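Student: First the structure, then my questions, so here it is.
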């Protein structure tokens with residue numbers, strides 16, 4: 001059994017039965033938070049090459065280091081989307097670029113966590129646990145553990161997807177359920193299950209509560225809850241569904257997404273087109289479905305590590321260190337590329353091969369927890385134990 005998985009009793013299973021969405025390659029979990037602010041974290045599993053997604057095209061020697069991974073400069077055919085004359089966004093992300101132009105997106109380069117491992121498994125655990133060692137709980141769950149549920153809101157939260165990310169596991173109650181290989185259970189099947197268990201004092205009430213939760217989800221999600229999306233549109237469909245839930249007056253306020261497909265050791269130019277498009281479409285879908293609530297939303301997109309500066313012999317990149325983080329949302333003080341750019345000279349590279357990290361992922365997360373969700377300093381400290389060296393970043397959200 002996976003040590004990260006929460007215990008799942010009959011009640012949790014039956015509640016999950018009433019809130020299932022099948023979405024391949026993408027997952028989401030929800031929880032409650034105080035106030036009207038919405039917050040989402042997107043974990044890109046596999047190690048996104050930040051130098052490919054956000055290219056420092058004006059950097060001396062960049063083209064020589066990157067070879068075929070260096071795309072044409074802004075204004076040229078198939079060129080980068082300009083971010084102010086020094087950096088360019090990958091052309092597969094026009095909707096994020098539009099958010100940037102509208103001051104609703106910020107890009108932070110040379111970002112890394114407080115680890116220097118190049119193991120996917122170890123780095124992802126540390127990214128989500130928020131500590132110097134892997135924990136059984138995640139930093140987002142711990143940050144919310146002291147927050148009481150809002151009066152009249154859905155209890156604690158709803159998780160939709162296959163598995164609960166470590167980021168959201170912990171003392172705060174967050175359910176998770178997903179079915180693979182099929183659509184939603186038919187109303188007739190659910191009615192039969194409820195009828196068969198109606199006389200049971202334990203399962204009967206639990207099933208009825210689960211069906212009530214399912215009715216809530218269906219009313220918010222509409223047709224997206226019953227239609228299996230194609231793999232390439234999974235993240236967009238999930239983001240649409242999540243945004244509609246989060247926009248509800250009594251809906252969840254916090255969501256954690258997972259998106260895979262970023263481990264590109266070979267043929268990176270072609271292999272990243274799909275994932276970058278999916279991420280761009282998903283962020284746009286989240287904005288669309290949140291509606292007016294987008295103005296009170298912040299989204300943090302992170303990955304476990306960046307990749308090597310130099311292209312390898314198979315047209316890809318290997319596991320590295322410094323990468324890129326995206327912030328998006330109407331609450332974000334966007335329209336800029338943040339962070340302290342270290343440069344790509346031989347002397348500036350970390351261990352002679354990687355982009356040197358200058359911004360701690362924990363600082364970004366702590367800044368958003370403090371200034372966007374308005375969590376008290378004790379809750380922020382609880383989320384990231386032993387992280388005094390990573391002060392919360394200032395200026396991430398609008399005043």
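Student: How do 366, 287 line up, fewest other C-beta atoms within 10 Å first?
Tutor: On the way: 366 26, 287 22.
Least crowded to most crowded, the residues run 287, 366.
Student: Report the full-extension gain for the segment residue 348 to residue 116: residue separation times 0.36 nm, less the Cα-Cα distance, to one decimal in nm.
Tutor: Details: separation 232, 0.36 × 232 = 83.52 nm, distance 1.65 nm.
That works out to 81.9 nm of additional length.
Student: Here's another thing I want to ask about it. Would you please put 358-365, 112-119 in order of how densely packed they are, using the mean number of other Cβ atoms within 10 angstrom per residue and starting with the highest? Walk me through the numbers before you get to the answer.
Tutor: Numbers: 358-365: 21.8, 112-119: 18.2.
The packing order, highest mean first, is 358-365, 112-119.
Student: Let's test this: bin the Cα-Cα distances of region 249-399 at 5 Å from zero up to the farthest pair and state each bin's percent.
Tutor: The calculated distribution, bin by bin, is 2, 8, 15, 17, 19, 17, 12, 7, 3, 1, 0.
Student: Of all the C-alpha pairs in region 314-399, what % are more than 23 Å from each other? Could you put the intermediate results ahead of the total?
Tutor: Numbers: 1323 of 3655 pairs.
Counting pairs separated by more than 23 Å, the tail of P(r) holds 36 percent.
Student: If R0 is 56 Å, what FRET efficiency do you get for residue 378 and residue 312 from their C-beta distance, rounded to 0.05?
Tutor: Details: r = 45 Å, r/R0 = 0.81.
Between residue 378 and residue 312 the formula returns 0.80.
Student: Within the P(r) computed for region 256-312, what percentage of the Cα pairs occupies the region above 12 Å?
Tutor: Details: 1177 of 1596 pairs.
It works out to 74 percent of all Cα pairs.
Student: Say R0 is 51 Å: what FRET efficiency, to the nearest 0.05, do residue 358 and residue 200 get from their beta-carbon distance?
Tutor: Values: r = 58 Å, r/R0 = 1.14.
My answer for the efficiency is 0.30.
Student: Another question about this same structure. For q values of 0.16 Å⁻¹, compute log₁₀ I(q)/I(0) with the Debye formula on a Cα-only model of region 27-121, without solvent.
Tutor: Evaluating at q = 0.16 Å⁻¹ gives log10 I(q)/I(0) of -0.85.
Student: What spacing in nm lies between the two simple spin-label points modelled at residue 295 and residue 269, each 7 Å away from Cα in the Cβ direction?
Tutor: 4.5 nm
Student: Can you tell me the FRET efficiency between residue 248 and residue 398 if r is taken as the Cβ-Cβ distance and R0 is 25 Å, rounded to the nearest 0.05? Walk me through the numbers before you get to the answer.
Tutor: Values: r = 24 Å, r/R0 = 0.94.
Result of the calculation: an efficiency of 0.60.
A short reminder: the numbers here are calculations on the coordinates, not readings from a lab. Values in this document were obtained by computation on a predicted structure and should not be read as measured data. No Cβ is skipped: glycine too gets one built from the backbone with ideal geometry, and neighbour counts run over all protein chains shown.
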